[in-house]
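Contents: one structure, followed by commentary.
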């Protein structure tokens with residue numbers, strides 16, 4: 001192996017390329033555990049709409065995410081080409097549903113341009129760049145960042161929702177107690193008034209009899 005060949009290999013990227021909503025995407029092959037055919041997915045209640053459910057992969061439960069829904073594309077029916085790409089996200093295996101896996105591609109780093117500021121935002125740092133091929137463009141993704149950002153948002157929403165619910169509960173309970181505490185003295189006063197009137201009536205009658 002020559003020095004030039006070694007340098008070229010270091011500058012190369014090896015990608016798993018897949019189709020999604022009529023566009024072509026690529027992810028680093030190092031993050032991909034395996035690629036499997038679509039299979040029965042068990043639904044899990046009260047999960048975000050882009051979470052399809054879980055699968056049993058050789059005795060291990062793997063959550064499955066529909067990448068179309070996650071990126072805001074319209075849902076599509078599964079076909080014979082639909083695949084689940086199992087990727088490593090922070091040490092956890094997550095299945096990602098894509099329309100089709102087309103190839104494993106090697107390309108030079110020179111063929112990749114950073115994404116334009118016009119199409120990126122603070123929440124789209126998972127877009128690594130655009131690979132220029134002869135007849136097409138490949139959008140390079142960092143699924144680690146894309147799915148990690150999703151998890152952080154879910155945690156934030158959960159943490160902010162719980163105190164609000166607690167505040168409502170704390171506010172409601174004293175209100176009921178206050179109503180009870182207010183009602184009881186009123187009832188006692190009414191009973192005391194009635195008893196007093198009855199006593200005064202008896203005293204008047206006694207005085208009349210004595211006279």
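The values are calculated or read from the model by the stated rules, or taken from the named source; none is laboratory data. Just so you know, these numbers come straight off a predicted model, no measurement behind them. Counting neighbours? That spans all protein chains shown, and the Cβs are built from the backbone with ideal geometry, glycine included.
Does the range 70-77 contain any residue that is surrounded by 14 or more Cβ atoms within 10 Å (Cβ to Cβ) and modelled with pLDDT of 95 or more? No, the conditions are met nowhere in the range 70-77.
Of the residues 99, 92, which single one is surrounded by fewer than 14 Cβ atoms within 10 Å (Cβ to Cβ) and either at pLDDT below 95 or within 16 Å of residue 20 (Cβ to Cβ) (or both)? Within the list 99, 92, the selection yields 92.
For the range 42-60, state whether one or more residues are closer than 13 Å to residue 18 by Cα and either out of contact with any helix residue (DSSP H, G or I) (no Cβ under 6 Å at 6 or more places or on another chain) or loosely packed, with under 11 Cβ neighbours inside 10 Å (or both). No, the range 42-60 has no match at all.
Close contacts from the range 114-137, counting a first residue that is at positive phi and surrounded by 13 or more Cβ atoms within 10 Å (Cβ to Cβ) and a second that is at pLDDT below 80 and in a loop (DSSP other than H, G, I, E, B), with Cβ to Cβ under 9 Å and a gap of 6+ residues or different chains, come to 129/115. Does residue 6 satisfy the criteria of being in a loop (DSSP other than H, G, I, E, B) and either modelled with pLDDT under 95 or at negative phi (or both)? Here the answer is no, as residue 6 does not meet what is asked. Listed by position, the strands (runs of 3 or more DSSP E) contained in the range 44-92 that have at least 2 residues being touching a residue at least 60 places away in the same chain (Cβ under 8 Å) are 83-89. Looking only at the range 33-43, how many residues end up being more than 24 Å from residue 102 (Cα to Cα) and in a loop (DSSP other than H, G, I, E, B)? Of the residues in the range 33-43, 1 are more than 24 Å from residue 102 (Cα to Cα) and in a loop (DSSP other than H, G, I, E, B).
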